[in-house]
Amino acid sequence: MIGLAGCVNDTTPIPDQKVVWVKQDISNSEIGLMNSANTDDQLVALGPWVYFKNLSMPNEDAETFNYGSYEGAGRLKFPISKNFFVFSNVNQVHVKSALNDDSKSIERVIDLKSLDNEFDNLIDIPYWQGDCMGISDSHYLLVSYSADGVNTPRFLLARLVPPVSNDNQLEIIDIKVLDQELFNGVTNVYKIQTFYDHFYVRMGPTTYQINVDGEMKLLSEKWFNIFRNDSVLNAFASDQNGGTIQYYQSRDHGVNWELLGEFEGPNNSILFGLDYVTIDKRIVGYGKGQIFELTINEKNYSLSELDNEGLGLADITSVSMANDSTVFVTSRCNSFSDDCGGFYKPLNDFFTRRNN
């Protein structure tokens, strides 16, 4: 009997290969990247000294514009804008165009000592607390600083005119100082958030709302942590001692706020401490080296940690859409990890839960 040798058909299913975060090392820095955003289908990122424009995945292509040296590099997180960027140094605020080419870039400067003879220091808001200044949808800039012998922080408010077709179109106009005295004791600024044309400022134990006309009003005796989901603003309110968290919404761009519910639970400190963005119409929170999906209604909430293999233990500084099918994360190195910078992952795999 003759035996015929042949191939054996193995019907054992091949397990799916796990998709992890892939590094895109454009930062060329031991510090990492401080922020990113998708503006009009253009991915922009900020390093400690460089503005990166038109980033593409998975290629490491980008147009670069240099800040130069300044105090607070690697500590401060500046907000993202299209075709210009803003940074601060000692007693000055710099606005620099990023339209076409770094060699043609135009810089405008506001000297706060010349503007206010009582100027003392720019208020230090480190990256783990959020943006150190605010830029509104209509390009108003808000910067906080302390003044000699004054309890309440002061604010620089100015309107920026972005360049559209020529770098020389960049201008700073309508400059004013907001010097309303609000507190009896020396008070600090802990966080500035910006949505539509309102700035939300944590000062002392309170949250103030400042509009682009310079009007300041008390929003809450508690701290607000605000995020946007579609056109609706959501906010968690908490005092500095933690405990109960109140859940608010505004459906008119922050003019009016409605209390929807209150939460008690062991994860309240995590809920309030995260920064939130919307990815694919789902709410995503991030903080330190973790990313979560938040589901919430008037009665309860849940936080589901997402798989972050490939990101390491660096501090996540932003989560944004690189394009319609890719998510981009920036991170800053810390004492636990020197693996930081920019990372990307397919949107289809982004919401994979972490297996503990």
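At-a-glance table
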| quantity | calculated |
| --- | --- |
| Complete set of residues in region 337-353 that are among the charged types (D, E, K, R), surrounded by 15 or more Cβ atoms within 10 Å (Cβ to Cβ) and in contact with a strand residue (DSSP E or B) (Cβ under 7 Å, 6 or more places away or on another chain) | Lys345 |
| Strands (runs of 3 or more DSSP E) enclosed by region 75-117 - at least 2 residues per element that are surrounded by fewer than 19 Cβ atoms within 10 Å (Cβ to Cβ) and modelled with pLDDT of 95 or more | 92-97, 107-111 |
| Residue, nearest to Asn234 (Cα to Cα), within region 282-307, restricted to residues that are in a loop (DSSP other than H, G, I, E, B) and touching a helix residue (DSSP H, G or I) at 6+ places or on another chain (Cβ under 9 Å) | Lys288 |
| Any hit, region 64-74, residues being acidic (Asp, Glu), closer than 24 Å to Glu171 by Cα and surrounded by 15 or more Cβ atoms within 10 Å (Cβ to Cβ) | no |
| Subset of region 183-207 [buried (at least 20 other Cβ atoms within 10 Å of the Cβ) and farther than 16 Å from Asp131 by Cα] | Gly204 |
| Of all residues in region 260-281 being in contact with a helix residue (DSSP H, G or I) (Cβ under 9 Å, 6 or more places away or on another chain) and not in a loop (DSSP other than H, G, I, E, B), the one that is surrounded by the most Cβ atoms within 10 Å (Cβ to Cβ) | Phe263 |
| Residues (touching a Lys or Arg at 6+ places or on another chain (Cβ under 6 Å) and in a loop (DSSP other than H, G, I, E, B)) located in region 119-131 | Pro126, Gly130, Asp131 |
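The values are calculated or read from the model by the stated rules, or taken from the named source; none is laboratory data. As the structure is a computational prediction, the values presented were derived from the model and not from experiment. Quick reminder, even Gly has a Cβ in these numbers, built from the backbone with ideal geometry, and neighbours come from all protein chains shown.
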